[in-house]
Every structure is written in structure tokens, then in C-alpha cells.
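Structure first, then comments.
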Amino acid sequence: MIDKYSIGVDYGTESGRAVLVRLSDGAEIAEHVTSYPHSVIDETLPVSNLQLGYDWALQHPNDYMEVLKQSVPSIIKTSGIDPSNVVGIGIDFTACTMLPVDANGEPLCFKRELMSDPHSWVKLWKHHAAQEEANLINKAAEENGESFLGRYGGRISSEWMIAKIWQILNESPKIYEQTDRFLEATDWVVFKMTGNIIRNSCTAGYKALWHKKDGYPSREFFKSLDPRLEFLVETKLRGEIVPLGTKAGSLTPEMAEVMGLLPGIAVAVGNVDAHAAVPGVGVVEPGKLVMAMGTSICHMLLGTEEKQVEGMCGVVEDGIIPGYYGYEAGQSAVGDIFAWFVEQGIPSYVKEAAVKEQVDIHAWLEKRASSFLPGETGLLALDWWNGNRSVLVDTDLTGLIIGYTLQTKPEEIYRALLESTAFGTKKIVDAFNSNGVTVNELYACGGLPQKNKLLMQIYADVTNLEIKVADSKHTPAVGAAMFGAVAAGREKGGYDSIVEAAKKMGRIREETYRPIPENVEVYEQLYREYVILHDYFGRGPNNVMKKLKHIKQGLTEKNKGKQKEAAR
Ligand SMILES: Nc1ncnc2c1ncn2[C@@H]1O[C@H](COP(=O)(O)OP(=O)(O)O)[C@@H](O)[C@H]1O
Ligand SMILES: O=C(CO)[C@@H](O)[C@@H](O)COP(=O)(O)O
């Protein structure tokens with residue numbers, strides 16, 4: 001029998017990767033990564049020197065097309081397969097990564113007259129400049145007793161769709177007015193491939209407050225936020241919302257040419273990176289928490305009932321696997337914290353030593369950090385370098401390390417940072433367990449489990465749970481390819497359901513990380529201290545982090561003004 005294939009394209013924060021997956025067993029036949037030419041735009045716009053504000057993070061829509069243009073033809077070429085055997089395509093994306101488009105689906109930032117307005121560009125998931133709007137949404141929802149709030153752990157994040165849209169309206173009414181629709185980038189790329197604008201239930205549910213039975217929040221609620229938002233749902237958020245695995249359409253002849261494929265291939269509706277990773281590791285039942293570990297961590301769990309869990313990012317029916325309630329929680333920076341330390345925090349002797357030993361700086365630090373016993377560094381850190389996504393849901397919180405002495409070494413700090421992220425994950429596991437959504441096992445995927453064994457052992461020790469690791473470097477892409485196979489359906493050589501696809505195609509490694517009892521004991525003590533710090537700095541007794549951020553913001557604006565004046 002001739003092998004059939006599906007393509008999964010995973011759109012990350014800095015790059016996109018395409019993976020060619022064999023449908024019979026999930027084998028990854030070829031992969032290719034395209035770095036986004038514009039990466040994360042957080043200083044100046046590509047078309048002008050306009051300085052972006054504090055906490056801004058934008059992207060260029062053409063970078064997403066570049067991945068289709070470069071990576072897809074490349075995997076077909078490397079694999080040597082006949083493109084006629086590709087039956088489906090699925091994509092997954094960071095989210096909420098959103099953009100305003102016109103009536104033809106073209107991004108507003110492509111228009112000469114609008115491109116110098118930063119609000120016409122894609123707002124990346126980690127654009128945190130809509131915190132004020134998020135605070136007001138939370139306040140209004142609490143005051144009105146809105147039932148949707150409970151489905152999002154009691155707080156709406158500034159990363160999400162409504163806060164981002166409202167920021168556009170507040171700061172650039174012209175862009176808001178010219179927007180025909182606000183789209184998730186995942187839905188926009190699917191539109192580019194198929195010509196159909198179809199919203200997926202996953203991003204609508206987790207990021208835009210949509211509910212399978214209740215729909216979006218009411219018109220009255222939007223009006224209470226701002227009268228100009230009263231008809232947002234019927235106008236700029238309009239569009240059919242369909243479950244994951246649905247076929248969005250067929251690959252158009254123009255895009256088939258660009259991607260080196262045949263027209264007519266089934267394209268699945270868009271998905272989110274972390275959510276696609278769940279079937280990607282073969283998880284299609286409750287009790288198994290999947291951690292998509294990279295720049296950030298997303299924690300994904302299935303349940304059979306809709307429960308309220310403090311600080312979770314959301315619970316959405318059919319949001320991960322049809323037939324289950326999908327729960328999501330997360331940490332907004334994990335790998336990013338380690339990257340910050342490697343880039344900003346190490347002395348030159350570490351760099352030189354790493355060059356001499358021909359290892360990268362992470363590996364150099366990991367090796368030395370491994371020689372310490374848990375607790376031996378005397379350090380404890382709060383993992384809030386990019387705010388706290390669960391359970392406090394507050395992007396104004398910042399990082400903290402306690403316990404420094406004149407003897408503290410870089411590898412000790414590195415270890416404390418690894419540990420702090422594990423404590424953040426434990427807090428999330430505890431929140432699920434204490435609210436009746438049980439976590440029995442951990443599954444890890446993403447870049448970090450491949451890169452850092454010490455990190456994974458620390459996670460097992462801190463959570464006291466065994467961790468199984470995906471047997472793939474590109475689990476979300478494999479999950480996306482599974483959804484592509486489901487969009488194709490059995491008669492085209494694909495699958496009829498994601499459960500069936502995951503059972504055949506999901507793969508985990510034999511080697512697992514098991515908790516080491518002596519380490520578990522020490523980490524229990526350290527975690528108790530972490531919780532005290534967490535509540536002290538995060539729940540109100542000491543708002544110093546917010547005060548410092550506030551002072552900084554004011555002075556940065558003032559200083560910018562002064563510098564501008566001096567330059568004139
Ligand atoms: N050896 C390492 N140990 C820990 N973190 C690492 C290591 N090497 C790279 N990283 C971090 O991994 C992150 C990238 O993870 P990856 O899963 O590849 O990307 P993404 O989250 O964008 O999909 C970066 O934040 C980087 O700092
Ligand atoms: O927020 C979500 C998913 O809900 C992610 O897209 C976001 O954290 C980005 O993930 P990465 O760390 O780039 O994999």
C-alpha cells in the first residue's frame with residue numbers, strides 16, 4: 001500500500017516549522033524551520049523608526065507566509081515523496097496572536113496609509129500593553145456577576161482578544177473603524193490557504209470568551225465596557241466557529257503552487273500550539289497533564305465536567321479533544337527566563353569557558369548546576385519575569401531572587417531559575433487537584449525536554465510525579481498534522497477522529513523522569529517558602545512589584561520625551 005502523509009505547520013514565537021508526518025505510524029519524515037525575518041517586533045516598526053511602547057510585541061504577517069513558501073517545499077524535496085500522497089494540512093499557532101483585516105481578509109498593516117500605525121500590525125500573544133483594558137474587563141465582569149469569568153479562573157488576561165481589540169479602539173479608533181474583522185493569526189493563515197474565513201472553537205473559546213452553549217458575552221456587557229463595543233460580536237468578530245478537526249476548505253491552486261503541493265488537499269481549521277500538542281503526545285483522556293515547554297509553558301488537561309479552577313487560563317468544551325472539557329493553564333515565561341539569564345546575567349568568564357569547552361552556555365550552566373543538591377544553592381526565585389499567567393493572572397508582576405551572597409555563582413542562579421519555573425508548575429498542578437480536576441501523570445513536549453535533563457528531573461522532583469516525554473521535537477506540528485489527517489477523512493487515507501489519529505500517530509519515549517525521594521523531601525520545604533513569597537508579592541500584602549513598574553513606566557515616558565527634545 002502506498003504511504004499517505006499529512007503536513008503539520010507549527011507557528012512559534014520566533015520561527016515556524018513544517019513537518020511531514022506519515023499517517024500509518026506518526027513517523028516524522030522531514031522537517032524544516034523558517035525563522036521569521038522580522039522576528040518579534042518590540043522596538044520599532046519595520047516601516048518606520050516609530051518607537052513601540054512598553055510591553056508591546058508585534059509580528060509581520062508576511063513572515064507566516066514565508067514559512068509556507070520555504071518550509072513546505074523544503075520538506076517535500078528532502079523527503080522525496082510524491083506530493084500527491086499528501087492528504088491533509090493542519091497548522092497550530094501561538095495565541096492569542098491577532099490582527100485586523102479588511103473586507104478582503106488583507107491585513108491592515110499592508111496598506112500604505114495605515115502601516116505606520118502600530119495598531120494595524122499583528123499583536124503577538126506576548127503583547128502585554130492591554131493590561132489596563134484587561135483590568136477594566138475584569139472589574140466590569142466582577143461587578144456584573146458575569147458567569148463567563150469563572151470559566152477563565154476568575155481573570156481575563158491582557159494577552160487575549162477582547163483586551164487587545166479594546167486597546168486598538170482606545171488608542172487608534174481609526175484602525176478599529178477600518179477593521180472589517182479581527183482574526184486570530186491561525187485563522188488568517190488558514191484563510192490564506194483556502195480562501196475561507198472560518199474561526200476555530202479553540203481560539204474562540206480560550207482567547208475570545210466564546211462558549212459552545214452561551215456564545216460570546218452579551219451585547220450589554222460589551223456596551224458596559226464601552227458603547228462603541230456594543231456590536232463587536234456581530235460585526236468585527238462575526239464568522240462561523242467550528243470544532244477542531246473540521247475541514248476549513250481545500251488548498252487553493254495559487255497556494256498549492258507556492259507550497260509545492262497539489263491543489264485540493266484538505267486543510268484543517270486553525271489550532272493553538274499547546275492544544276495541538278495534546279493528541280501529538282497521544283493523550284486523549286483525562287488525568288494526564290501535558291506541558292508544552294518552550295519559551296513559555298502551557299499546561300493542558302482533559303476533564304469530563306466543567307469545573308472552576310483558580311487562575312486557570314480557561315476551560316472550553318471540545319477545546320482540545322472533542323467530547324471533553326479542555327483545561328489550560330500556563331506560565332508566560334520559562335525558556336525565556338533562562339534565555340534572559342544567559343544573555344544578560346552571566347559574567348564573561350562563563351562565556352569564554354563555554355566557548356573553550358565547545359558547548360552552549362545553557363549546557364555549560366546545566367552541567368555545573370547539576371552538581372548541587374536541591375536547596376544547596378540557598379536561593380529561591382519567583383518565576384514572574386514575564387508576569388504571572390496562572391494562578392494569579394497578572395502581567396504586572398515581575399521576577400525575584402532571594403538568598404544572594406557574595407559567594408553566589410552563575411550556575412546557582414541558573415539552577416534557582418530552573419527550580420522557580422518548576423514551583424510555578426506545581427502551583428498549577430495543586431490548583432487543578434484541589435478543584436477536582438485530577439492530575440495523575442505529566443507529559444512533556446516542546447523544545448525544553450530535549451534540551452535540559454536537569455530541568456526535567458527538577459520538575460519530577462518538585463511535582464513528585466513521573467514525567468513522560470514526547471518522542472518528537474515537534475509535537476504541536478505532529479498534532480496539527482493529525483488534525484489535517486482528520487480533515488482529510490478516512491476515504492482520503494486520513495482518519496475519522498482525532499482519538500483514532502492520536503492512537504496511531506502519537507509517540508512517547510521509553511525513558512521517563514521519576515521523582516527521587518530525597519529531592520522530593522527538600523523541594524517540599526522549598527515549595528512551602530515559594531508559596532509564602534508567591535502570596536506575599538502576588539496577592540496584595542506587598543505590591544512593590546507593581547509600584548516599581550509604575551514608577552519605571554512614568555520615568556521611561558518622561559526620559560523618552562526629554563531625549564526627543566534634545567535630538568531636535
Ligand atoms: N539547554 C537549554 N536549557 C534550558 N532552556 C533552553 C536551553 N536551550 C534553549 N533554551 C530555551 O528554550 C526556549 C526555546 O524553546 P523552543 O521550544 O525551542 O521554542 P518555542 O517556545 O519558541 O517553540 C528559549 O527560550 C531558550 O532560551
Ligand atoms: O498562549 C499560548 C497558548 O494558549 C501559547 O501560544 C503561547 O504561550 C506561546 O507559546 P510558545 O512558548 O511560543 O510555545
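Could you please let me know if GLY447 is under 19 Å from ILE29 (Cβ atoms) and either touching a Cys at 6+ places or on another chain (Cβ under 7 Å) or not aliphatic (A, V, I, L, M) (or both)?
No: the conditions fail for GLY447.
Pairing residues of region 325-337 that are assigned to a loop (DSSP other than H, G, I, E, B) with residues that are more than 8 Å from ligand 1 (Cβ to nearest atom), at Cβ distances under 6 Å and at least 6 apart in sequence or on separate chains, gives SER332/ASN386; SER332/GLY387; SER332/ARG389; ALA333/TRP385; ALA333/ASN386; VAL334/ILE297; VAL334/THR421. Inside region 328-346, can you point out the residues that are open to solvent by 20 Å² or more (accessible area, probe 1.4 Å) and either within 16 Å of ligand 2 (Cβ to nearest atom) or more than 28 Å from THR13 (Cβ to Cβ) (or both)? Of everything in region 328-346, those that are open to solvent by 20 Å² or more (accessible area, probe 1.4 Å) and either within 16 Å of ligand 2 (Cβ to nearest atom) or more than 28 Å from THR13 (Cβ to Cβ) (or both) turn out to be ASP336, ALA339, TRP340. For region 437-468, the set of residues classified as under 14 Å from ARG509 (Cβ atoms), away from ligand 2 (no atom under 16 Å from the Cβ), crowded, with 20+ Cβ neighbours inside 10 Å and of a type outside the set (A, V, I, L, M) consists of LYS468 only.
If the condition is being more than 22 Å from GLY387 (Cβ to Cβ) and either surrounded by fewer than 17 Cβ atoms within 10 Å (Cβ to Cβ) or in contact with a Gly (Cβ under 8 Å, 6 or more places away or on another chain) (or both), then region 135-177 contributes GLU143, ASN144, GLY145, SER147, PRO173, LYS174, GLU177.
Can you name every residue in region 318-376 that is closer than 30 Å to GLY287 by Cβ, within 12 Å of ligand 1 (Cβ to nearest atom) and among the aliphatic types (A, V, I, L, M)? Once the filter is applied, which keeps residues that are closer than 30 Å to GLY287 by Cβ, within 12 Å of ligand 1 (Cβ to nearest atom) and among the aliphatic types (A, V, I, L, M), region 318-376 yields ALA333, VAL334, ILE337.
For region 304-323, residues that are within 16 Å of PRO279 (Cβ to Cβ) and crowded, with 21+ Cβ neighbours inside 10 Å total 4. Within region 10-41, how many residues turn out to be under 24 Å from ARG507 (Cα atoms) and open to solvent by 40 Å² or more (accessible area, probe 1.4 Å)? Going through region 10-41 one residue at a time, the tally reaches 9.
Among the residues of region 235-266, those identified as open to solvent by 30 Å² or more (accessible area, probe 1.4 Å), touching a residue at least 12 places away in the same chain (Cβ under 8 Å) and not hydroxyl-bearing (Ser, Thr, Tyr) are ARG238, GLY239, GLU240, ILE241, PRO243, LYS247, VAL258, GLY260, LEU262, PRO263, GLY264.
For ASP273, the conditions (1) surrounded by fewer than 17 Cβ atoms within 10 Å (Cβ to Cβ); (2) within 16 Å of ligand 1 (Cβ to nearest atom) are fulfilled apart from (1). Quick check on region 93-103. Is at least one of its residues in contact with a His (Cβ under 7 Å, 6 or more places away or on another chain), within 16 Å of ligand 1 (Cβ to nearest atom), part of a strand (DSSP E or B) and in the same structural domain as ALA276 (by TED's automatic domain parsing)? The answer is no, given that none of the residues of region 93-103 is in contact with a His (Cβ under 7 Å, 6 or more places away or on another chain), within 16 Å of ligand 1 (Cβ to nearest atom), part of a strand (DSSP E or B) and in the same structural domain as ALA276 (by TED's automatic domain parsing). Residues in region 1-57 that are away from ligand 1 (no atom under 16 Å from the Cβ), among the acidic types (Asp, Glu) and under 17 Å from the mean Cα position of the chain (by Cα): ASP55 only.
Within region 367-377, the presence of a residue that is crowded, with 20+ Cβ neighbours inside 10 Å, in contact (Cβ under 8 Å) with a residue 24 or more places away in the chain and in contact with a Gly (Cβ under 7 Å, 6 or more places away or on another chain) is excluded.
Being under 15 Å from ALA381 (Cβ atoms), at pLDDT 95 or above, more than 19 Å from the chain's Cα centre (by Cα) and within 16 Å of ligand 1 (Cβ to nearest atom) holds for only one residue in TYR414, TYR404, and it is TYR414.
Among the residues of this structure, ILE175 does not count as one that is in a helix (DSSP H, G or I), farther than 30 Å from ILE265 by Cα, touching a Phe, Trp or Tyr at 6+ places or on another chain (Cβ under 6 Å) and among the β-branched types (Val, Ile, Thr). Surrounded by 18 or more Cβ atoms within 10 Å (Cβ to Cβ) and not hydrophobic (A, V, I, L, M, F, W, C): which single residue out of PRO227, PRO217 fits that description? Checking each option against the conditions leaves just PRO217.
Checking LEU289, LEU301 one by one, the residue that is in contact with a Gly (Cβ under 8 Å, 6 or more places away or on another chain), part of a strand (DSSP E or B) and either farther than 30 Å from LYS492 by Cβ or among the basic types (Lys, Arg) (or both) is LEU301 and no other.
Out of all the residues in region 488-542, which are hydroxyl-bearing (Ser, Thr, Tyr) and open to solvent by less than 40 Å² (accessible area, probe 1.4 Å)?
Listed by number, the residues that qualify are TYR495, THR512, TYR513, TYR523, TYR527, TYR530.
The condition (being out of contact with any His (no Cβ under 6 Å at 6 or more places or on another chain), over 30 Å from ILE551 (Cα atoms), in the same structural domain as LYS453 (by TED's automatic domain parsing) and of a type in the set (A, V, I, L, M)) is satisfied by just one residue among ALA381, ALA422, ALA416: ALA422. Please verify whether LYS473 is over 30 Å from LEU392 (Cα atoms) and not in a helix (DSSP H, G or I), treating the condition exactly as stated. It is true that LYS473 is over 30 Å from LEU392 (Cα atoms) and not in a helix (DSSP H, G or I).
If you check GLU411 against the conditions, is it on the phi < 0 side of the Ramachandran plot and touching a helix residue (DSSP H, G or I) at 6+ places or on another chain (Cβ under 7 Å)? Yes, satisfied.
Taking the listed residues VAL47, VAL72, VAL40, the one that is within 16 Å of ligand 2 (Cβ to nearest atom) and either closer than 20 Å to LEU251 by Cβ or assigned by TED's automatic domain parsing to the domain that holds VAL269 (or both) is VAL40, with no other qualifying. Could you check region 485-568 for helices (runs of 4 or more DSSP H) lying wholly inside it with 2 or more residues that are closer than 30 Å to ILE458 by Cα, in the same structural domain as LYS427 (by TED's automatic domain parsing) and over 26 Å from the mean Cα position of the chain (by Cα)? So the answer is 517-538.
The values are calculated or read from the model by the stated rules, or taken from the named source; none is laboratory data. This is a predicted model, so every value here is computed, not measured. Glycine gets a Cβ as well: all are built from the backbone with ideal geometry, and neighbour counts include every protein chain shown. Accessible surface areas use protein heavy atoms only, side chains included; no ligands, DNA or RNA. Shrake-Rupley method; radii C 1.70, N 1.55, O 1.52, S 1.80 Å.
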